[in-house]
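Before any comments, here is the structure.
The values are calculated or read from the model by the stated rules, or taken from the named source; none is laboratory data. Computed from a predicted structure; not experimentally measured. For neighbour counting, all protein chains shown are included, and Cβ atoms are generated from backbone atoms with ideal geometry for every residue, glycine included.
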Ligand SMILES: [Zn+2]
């Protein structure tokens, strides 16, 4: 599609360059974790969606935002879920933009501090990681505006909708839609930089249904911004839903045949390499009871 070819051409430029992927919707893709930070600009101010993985990293984001039209008038922050690569810049954003509200799903907000503490312990135990100090020096600030199913942010001449489509990557994922620009920010419910990430807090059996609900918000030309990697189109989301369906079906079939998780991983016909699915299969078995 010509539209997406244009987006691909726009990916040139140094890391952290905010690119306008749709009307006044700007995305910067950072090399550390290949994570995306998005800015949505309205007449009454702008909202930043996800804040990168440390206070130091977020200072670079603030500098980069300063070069975007409207990027200094940030009036709200959104965290797509609680993981540190999406929340650890919250404190820096508040230092730069004042005591702006931070929005998240209620489950994500409640888990941000504990999830962040676990990540800090992980970095603390790895003296060789070049990002260790900046992670340990980050003060963890959880969201203070929460919702269960839907919320709306008013940016004056446009509205930004927050929606919890169900569980998947975490228990508190949200997607952001900007209807007038036909954009959906998917957080880590959609992954372009690699296979979807299945952690100890993921819901692999529910994830396909969650993506089906997300797709109800998409038209043929919608722009979808994943949590990590390049901007994608609705066909990409459908393929990811198909792969996740195959994963969930294979977990159910293996469990139904009485295979233990190890044998299931070895024998199953999986959509991704089995060694990446150890946690997904274990979580799936746990959820089947
Ligand atoms: Zn992430």
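Give the residues of region 134-158 that are assigned to a strand (DSSP E or B), closer than 23 Å to residue 22 by Cα and in contact (Cβ under 8 Å) with a residue 40 or more places away in the chain, sorted by residue number. Selection gives 151, 153, 154.
Does residue 167 fit the bill of being within 17 Å of the chain's Cα centre (by Cα) and either modelled with pLDDT under 95 or within 16 Å of the ligand (Cβ to nearest atom) (or both)? Yes: the conditions hold for residue 167.
When each of 186, 197 is tested for being assigned to a loop (DSSP other than H, G, I, E, B), within 16 Å of the ligand (Cβ to nearest atom), touching a strand residue (DSSP E or B) at 6+ places or on another chain (Cβ under 9 Å) and closer than 27 Å to residue 251 by Cβ, the lone residue that passes is 197.
Under the condition of being part of a helix (DSSP H, G or I) and closer than 18 Å to residue 245 by Cα, the residues counted in region 262-274 number 4.
Restricted to region 219-242, and to residues there that are assigned to a helix (DSSP H, G or I) and surrounded by fewer than 16 Cβ atoms within 10 Å (Cβ to Cβ), the residue that is nearest to the ligand (Cβ to nearest atom) is 239.
Summed over region 36-63, the residues that are under 19 Å from residue 115 (Cα atoms), in a loop (DSSP other than H, G, I, E, B) and away from the ligand (no atom under 16 Å from the Cβ) give a count of 0. The criterion of at least 3 residues that are within 16 Å of the ligand (Cβ to nearest atom) and at pLDDT 95 or above is met by the following helices (runs of 4 or more DSSP H) wholly inside region 64-125: 84-87, 106-124.
Residues in region 20-32 that are in contact (Cβ under 8 Å) with a residue 12 or more places away in the chain and either surrounded by 19 or more Cβ atoms within 10 Å (Cβ to Cβ) or part of a strand (DSSP E or B) (or both): 21, 22, 24, 25, 26, 27, 28, 29, 30.
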